[in-house]
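Worksheet for the structure shown next.
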Amino acid sequence: FTVDDDLTDFPVLVDITDSDLRIYALSSGDDVVFTDTNGFKLSHEIEFYDGVSGHLIAWVNVPLLSSTEDTILYMYFGNTDATNQEDPAGTWNNNYAMVQHLDETSGTHNDSTSYANHGTPSVTTQGSAPGRINGADEFDGVDDYLQTNTTMNSSEDMSFALWVKYSSLS
């Protein structure tokens with residue numbers, strides 16, 4: 001795919017199923033590392049990893065996603081001595097006020113950014129509703145909600161992104 005303009009510090013979704021991951025990566029996925037072509041380690045957050053199937057879903061912060069040439073990323077794994085290589089706060093830079101993946105099936109929904117804008121859900125189904133990537137909540141359309149401590153300055157430009165699937169519209 002191509003992008004219209006160069007993007008900087010852009011979180012790219014990597015969704016891959018590979019038998020080499022199943023065979024060589026740690027069952028936790030802690031040894032997975034992403035780099036650019038110069039070997040510079042990139043911040044990433046694993047949203048889902050199944051060591052049995054080798055299915056990995058991760059967000060990788062790419063310093064420059066070019067609009068004119070291919071952006072090449074490398075993924076390394078298989079270091080049996082590795083500790084967790086993730087850096088969620090580095091994946092979602094300071095331009096992101098809150099990123100919640102809604103994969104927790106009880107309790108607080110954790111914010112992946114450094115701002116710690118965690119959320120307290122009051123929902124019908126938490127974290128286990130069918131979702132596009134990994135987790136999802138099911139809201140009943142009547143009184144379900146997700147409360148956060150996020151404070152935003154309304155005088156600044158901002159955008160919101162939600163992935164929503166309606167079961168019906170009225």
Would it be correct to say that SER67 is over 24 Å from ASP111 (Cβ atoms) and free of Cβ contacts under 8 Å to residues at least 60 places away in the same chain?
no
Reported set for the stretch 7-32 where residues are modelled with pLDDT of 95 or more and acidic (Asp, Glu) is ASP15, ASP18, ASP20, ASP30, ASP31
Using the structure shown, decide if ASN61 is open to solvent by less than 40 Å² (accessible area, probe 1.4 Å), farther than 23 Å from LYS165 by Cβ and in a strand (DSSP E or B).
yes
Is there a residue in the stretch 142-157 that is touching a residue at least 40 places away in the same chain (Cβ under 8 Å), in contact with a strand residue (DSSP E or B) (Cβ under 9 Å, 6 or more places away or on another chain), in a loop (DSSP other than H, G, I, E, B) and open to solvent by 40 Å² or more (accessible area, probe 1.4 Å)?
no
State yes or no: is ASP15 of a type outside the set (Val, Ile, Thr), part of a strand (DSSP E or B) and open to solvent by 50 Å² or more (accessible area, probe 1.4 Å)?
yes
Looking only at the stretch 33-48, decide whether some residue is free of Cβ contacts under 8 Å to residues at least 40 places away in the same chain, open to solvent by less than 40 Å² (accessible area, probe 1.4 Å) and not in a loop (DSSP other than H, G, I, E, B).
yes
Which one of the conditions (1) under 18 Å from THR91 (Cβ atoms); (2) not aliphatic (A, V, I, L, M); (3) not in a loop (DSSP other than H, G, I, E, B) does ARG22 fail to meet, given that it meets all the rest?
(1)
Those residues of the stretch 84-135 which are surrounded by 16 or more Cβ atoms within 10 Å (Cβ to Cβ), more than 14 Å from the chain's Cα centre (by Cα) and assigned to a strand (DSSP E or B), in sequence order
GLY119, PRO121
Taking THR125, is it in contact with an Asp or Glu (Cβ under 8 Å, 6 or more places away or on another chain) and touching a residue at least 40 places away in the same chain (Cβ under 8 Å)?
no
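The values are calculated or read from the model by the stated rules, or taken from the named source; none is laboratory data. Note that this is a predicted model, so its numbers are computed, not measured. We place every Cβ from the backbone using ideal geometry, glycine too, and count neighbours over all the protein chains shown. In case anyone asks, the SASA skips ligands and DNA or RNA and just uses the protein heavy atoms, side chains included. Shrake-Rupley method; radii C 1.70, N 1.55, O 1.52, S 1.80 Å.
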